[in-house]
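Report on one structure; see the data block that follows.
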Amino acid sequence: MLTKNRRIHDLLDSTQLFEPGALAAILSNARENGIPIREAVLSGSSLKEEEFLEKLAEAMELPFQRLKEIEIENEILEKLPTKAIFQYNVVPLAEEENSLKVATSDPFIPGLVDALRLAAECRIQLVLSPDEDISTAAKKFYGVGAETLDRMMQDDRIDLEDDDSLLKQDLSELDQEASVVKFVNQIIWEAYKDRATDIHIEPMETDLRIRYRVDGVLHETPMPPQLKRFQSSIISRIKVMSNMDIAEKRLPQDGRISLRIRGQEIDVRVSTMPTVYGESVSLRLLMRGGGLITMKDLGMEPRDSALLEKMITRPHGILLVTGPTGSGKSTSLYAWLHTINSVDKRIMSAEDPIEYEMPGVNQVQMRPEIGLTFANTLRTFLRQDPDVIMVGEIRDKETAEISIRAALTGHLVFSTIHTNDSASTITRLLDMGIEPFLVASSVEGIVAQRLVRGLCKNCRRPVELDEAFLLEHGFPVERLKNEGPIYEAAGCDECRGSGYKGRTGIFEILPVTDEIRPLIIAHASASEIKQRAVAAHGVKNLREDGWDKVLRGVTTIDEILRVTEEDDEAEE
């Protein structure tokens, strides 16, 4: 043992990366606490993994290779069993002269080469690569949860291809290490790691497609080719977790799962829909109790933020936020409530669903099947002496009328409504049948918003775009001299190659003032209302607010065009 430790000590010492005495302390810590040597070195020093592996490869006379953009032939991938790939975190790269080149990030794993040689039945040549590169390549070429599916194919305890077998057993009572349970957990865990907000499990004719929505954009997740075989068992497992009827496959169902991942409470909203090739399942991940977003986090320009803070601290009136599904409307409402939430205010909210639990707010989950609708809940709220009321969404005339009545009787009401821009919200309320004088006297302000992906600050790079292209889309070219440059997405490890990380909002705030109210009463069009708002208050539309964020290096021209294109066409 001493000889082996001495050998490792001398090998690491030859990299010339360690101060005198530091290496002995690292190896002593690894030996006494049973920590893998690679982990002990990286945690016990300021070394970056890539730097350490490059020097180690020189000392061991092994190649060092990054695995980005690498392509591996199928016959090479089949040289090692899936279990070995994920157990040792290795990837076979190529075959040369009857030896298999295998990438690893830890050549100190006891018996690694012998185990791989027995599995591949040929000589093994190690190649050192960063841990993240290997994990990414393994997921790309083998698919998420490949080793679990491998076990499922050998599992004789349940016939996973027999739909009826799952009805005869309660999956929740099975061993928690059962393969189907583990696979579903892996899908959710990978989504959480990728910062996904939604998971879509979609049956196709010959495969089962799984996609994650990250920063508002869908990405297909690599999955093992044999996944289609286990479609019914995976969907049944999700149904069990969300308390649905696993025998009902002809009708849509809704459910909810509560999970804890690394100390983070996560609510998962589950929805199933029967399709021609089986049930499609959508899971929406909601971080319960995870730090609530504040006004500062929304990404508003200082002028807009100050204007909105004035609106949300008024004693009465309606403040509406509008935009398509997934534009962050609920997040904005929670930020407003968080700002004004205090002991001296009674706040009540009617929501469907409750996306975040907020201390100090009386939150009510809508249940239309038993008559607990927005309209009925609002009527009850008015008998509960609230100061502030939040209505998840104004969907019909009845809810709109009660909300307006609440605003006119001294309550501050927050709600959402589906329209394209702020001025269109006025015409939408009038189209619902609300009297113009009621809209004019109750609505205090309207906020239209969209979500855009934020640039990864680690890899964004300046770009020069054709001036004719910028002018065509209304970009303020004259501001480039003092406020540029414009950045574009590049892609790095930190943002998983997308060039974007996180999202921010772009906003259009329309205050309903004495200049606007006569237009509402006169049934003016949305374009007339918007023109008056621009002339009287300098209201910026969504695209103009987006240009401000492009000039500050927050996002890209492409992102602003992507989310505001529809509005731009409508205006033209």
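Laboratory data are not the source of any read-out in this text; all were calculated from the coordinates shown. Here the structure is a predicted model, which is why all the values come from computation and not from measurement. Glycine also receives a Cβ, built like all others from the backbone with ideal geometry; neighbour counts cover every protein chain displayed.
Results, tabulated for the structure shown:
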read-out: Whole-Hz ³J(HN,Hα) from phi, Karplus 6.51 cos²θ - 1.76 cosθ + 1.60, for the range 209-215, glycine and proline x; value: 8, 10, 10, 10, 9, 10, 6
read-out: Free-standing Cys, the chain [no other Cys Cβ under 4.7 Å]; value: C122
read-out: Rounded Å value of the spacing that divides the Cα centres of the range 37-95 and the range 533-556; value: 47
read-out: Among the listed pairs K101/K501; K140/K549; K55/K193; K140/K457, those beyond 32 Å (Cα-Cα); value: K101/K501; K140/K549
read-out: Partner lysines for K310 [C-alpha distance under 17 Å; skip if fewer than 8 residues away on the same chain]; value: K296, K345
read-out: With Cα atoms, 0 to 90° folded angle of helix 231-241 axis to the chain main axis; value: 60
read-out: By average C-beta atoms within 10 angstrom, highest first, the peptides 435-444, 182-191; value: 182-191, 435-444
read-out: Of every Cα-Cα pair in the chain, the percent that sits beyond 42 Å; value: 38
read-out: Förster radius 35 Å - calculated FRET efficiency between V534 and K481, Cβ distance, rounded to 0.05; value: 0.90
read-out: Distance between the range 282-331 and the range 368-428 - C-alpha centres, whole angstrom; value: 17
read-out: Gain on full stretching of the segment that runs from E472 to I8 - 0.36 nm per residue minus C-alpha separation; value: 160.6 nm
read-out: Principal axis box of the range 1-121, alpha-carbon based, largest edge first, Å; value: 47, 29, 24
read-out: In degrees, nearest ten, helix 131-142 long axis to first principal axis of the chain (Cα); value: 80
read-out: Prolate/oblate/rounded call for the range 466-519, Cα gyration tensor, a/c under 1.5 rounded; value: oblate
read-out: Projected-area mean, the range 371-526, by convex hull of Cα positions, square nanometres; value: 13.9
read-out: Simple spin-label estimate for L408 and E54 in nanometres, 7 Å along Cα-Cβ; value: 7.2
read-out: Vicinal HN-Hα couplings computed from phi for the range 328-340 (Karplus, 6.51 cos²θ - 1.76 cosθ + 1.60; Hz; Gly/Pro x); value: x, 4, 4, 4, 5, 4, 5, 5, 5, 4, 4, 5, 9
read-out: Charge-dipole axis of the chain as Lys and Arg at +1 and Asp and Glu at -1 on Cβ define it, positive-most pick from N89, S305, M432; value: S305
read-out: Amide H partners (placed H, <5 Å) of S105, local residues excluded; value: S129
read-out: Charge sum, other residues only, whose C-beta stays under 12 Å from L412's C-beta, Lys/Arg counted +1 and Asp/Glu -1; value: +1
read-out: Simple Cβ-charge dipole of the range 1-135, Lys/Arg +1 and Asp/Glu -1, about Cα centre, in debye nearest 20; value: 580
read-out: Packing-based ranking, highest mean first, of 46-55, 259-268, 419-428, 547-556 given that Cβ atoms within 10 Å are counted; value: 419-428, 547-556, 46-55, 259-268
read-out: Cα-based helix-to-principal-axis angle, 397-408 vs the chain, degrees rounded to 10; value: 70
read-out: 3J(HN,Hα) from dihedral phi, the range 474-482, Karplus parametrisation 6.51/-1.76/1.60, rounded to Hz, x for glycine, proline; value: x, 6, x, 4, 4, 7, 4, 4, 9
